[in-house]
1. Of the residues in the stretch 343-378, how many are over 27 Å from the mean Cα position of the chain (by Cα) and in a loop (DSSP other than H, G, I, E, B)?
2. Restrict the check to the stretch 392-399 and report whether at least one residue is assigned by TED's automatic domain parsing to the domain that holds residue 341, of a type in the set (S, T, N, Q) and closer than 21 Å to residue 438 by Cβ.
3. If you check every pair at least six apart or on different chains, which have Cβ atoms under 6 Å apart with a residue in the stretch 378-399 that is closer than 21 Å to residue 124 by Cα first and a residue that is among the aliphatic types (A, V, I, L, M) second?
4. Quick one: in the stretch 417-449, of everything that is in contact with a helix residue (DSSP H, G or I) (Cβ under 9 Å, 6 or more places away or on another chain) and acidic (Asp, Glu), which residue is modelled with the highest pLDDT?
5. For the stretch 196-228, which positions are small (Gly, Ala, Ser), touching a Gly at 6+ places or on another chain (Cβ under 7 Å) and at pLDDT below 90?
6. Can you say whether residue 55 is under 21 Å from residue 35 (Cα atoms), free of Cβ contacts under 8 Å to residues at least 60 places away in the same chain, acidic (Asp, Glu) and surrounded by fewer than 17 Cβ atoms within 10 Å (Cβ to Cβ), as far as the supplied structure shows?
Amino acid sequence: MIRDVWFFQPRTMAKANYANAGGMEQTWTPWWACYLAPAAGAAGLGAHLIDARADDGWRARVQALGAGDVLAVTALTGAALRDALEASAIARDRGAYVVWGGPHATLFPAETLAQSPAHAVIPGTGGFPGLALLLARLTGTAGPPGPDDPRILVEGGNLVAVPRFGGHGGGQTIIADDPDPRLDLIADWEPYVNADEAIDGRTTSFVTSEGCLRRCTFCTEPQTSGHSWYTHPVERSVEVLAEMARRARAGGIKLHDPNFFHDPVRAMAFAQRFRSRVGLRWASSLHPADLQEMPDAQLRAAADAGLCRVLIGMETPVPALIRLSNKRYDPAGIETMVRRLTAAGIRGMFTFIVGWPDADPGHYQQTIDCAFAIKDLDQRHQCKIHFLEPWPGTPIAKMLARRGLQHPTTLSGWADVDYYQAQIPGLHDPAYTEIIRDANRDLSPYIDA
């Protein structure tokens, strides 16, 4: 009989690329576990967190699991898969039920089920309905299957074979009606408090939305979300953040929403409510096209409400590559964007990609020069440059597959993916691995990304 659900957060092992001002790897709040924990309570089960990033004794805790336990694992593609595989193998060997979700399981649900120790895989953004359904079925409390049930893959076939996102079609904004996240899942908040020079010496992180309605050709976010945007209500999100700030004794909040300003009305409603209810400095993402369309008055209002830094995926300053990426902004306006942020008192973290298919070799240096030009305009801004990783399912990956590009075929192979390295022969110029790394040290010395 199942009694408890244990949410497992693997290590990302990314200190070389994401360190905070204290020299430690940034450790974001395990928000997925907090959002999913109410599913355990709904099934009458206990909810617990095992975070390998914050707990050196995580293996012993996993080894203590047994037949009355469920290990719920999420992992990004990359190094985090190693811990996910190890913990899952230990738990399953001890008799626990193992379920995987998250970005990699969404991109490769069948492969993840076949190659991992998982008994079940729940793909898709907004995983609460899927986990709630699975736990209800495991405890014998589920009702009869319905047409809007989430999609779950289990050993031996589909448990429920209906479209992802509970029957929602793509291209929709989905307003979540999930329960509020369980912040009490985290007993010690100190590991999730990071020193951030642009926000606050005690900054913690969370998300208020997932997915993306845009259709950039290189990005997995539209793939993992089914081109949908899964949003949590502003009022409830702000109340959660107020309680989080209290528990963590935080002086700043970093929002990891993939596209926070997609709906400017929602974004500004959040900003004003956050200002009045919480009153801390905060950071978010901002698409360059949204910045170019944003009136100065709105930008200043966001800054007045505490917005102090934005993460902007510029991707490239080359017009032809903007078209290839389907990023849909005008790179001729990069300098204007930088100056507008400076005028509003908002720092920018601008990210770029190199190693595009069919790109002129000169695009590497053009990108480096653009990044340093941003720094020359205002040293408080930061930039980072990555190598293109053509994730399966994206239009660029499909194009390259027709040309013979081979992707990893195993979970252990995907664990080696690192977009800070020129890893793909014929696409990346390996000579630029160290050149880009050296540039990144000056553009953003692996601090507060």
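1. Total satisfying the criteria: 6.
2. no
3. So the pair list comes out as 390/396; 390/397; 390/400; 391/397.
4. 442
5. The answer is 225, 226, 228.
6. yes
Let's see how each residue does on (1) on the phi < 0 side of the Ramachandran plot; (2) surrounded by 18 or more Cβ atoms within 10 Å (Cβ to Cβ); (3) among the β-branched types (Val, Ile, Thr); (4) out of contact with any His (no Cβ under 9 Å at 6 or more places or on another chain):
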{"site": "340", "(1), (2), (3), (4)": "yes, yes, no, yes"}
{"site": "356", "(1), (2), (3), (4)": "yes, yes, no, no"}
{"site": "363", "(1), (2), (3), (4)": "yes, yes, no, yes"}
{"site": "368", "(1), (2), (3), (4)": "yes, yes, yes, yes"}
{"site": "376", "(1), (2), (3), (4)": "yes, no, no, yes"}
{"site": "391", "(1), (2), (3), (4)": "yes, yes, no, no"}
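Condition check ((1) more than 27 Å from residue 139 (Cβ to Cβ); (2) assigned by TED's automatic domain parsing to the domain that holds residue 192; (3) surrounded by 24 or more Cβ atoms within 10 Å (Cβ to Cβ)) across all residues:
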position	(1), (2), (3)
59	yes, no, no
64	no, no, no
68	no, no, no
72	no, no, yes
75	no, no, yes
81	yes, no, yes
85	no, no, no
90	no, no, no
94	no, no, no
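The values are calculated or read from the model by the stated rules, or taken from the named source; none is laboratory data. Predicted model, so just to flag it, every value in this text is computed and none were measured. Cβ sites come from the backbone with ideal geometry, for glycine too, and all protein chains shown count toward neighbours.
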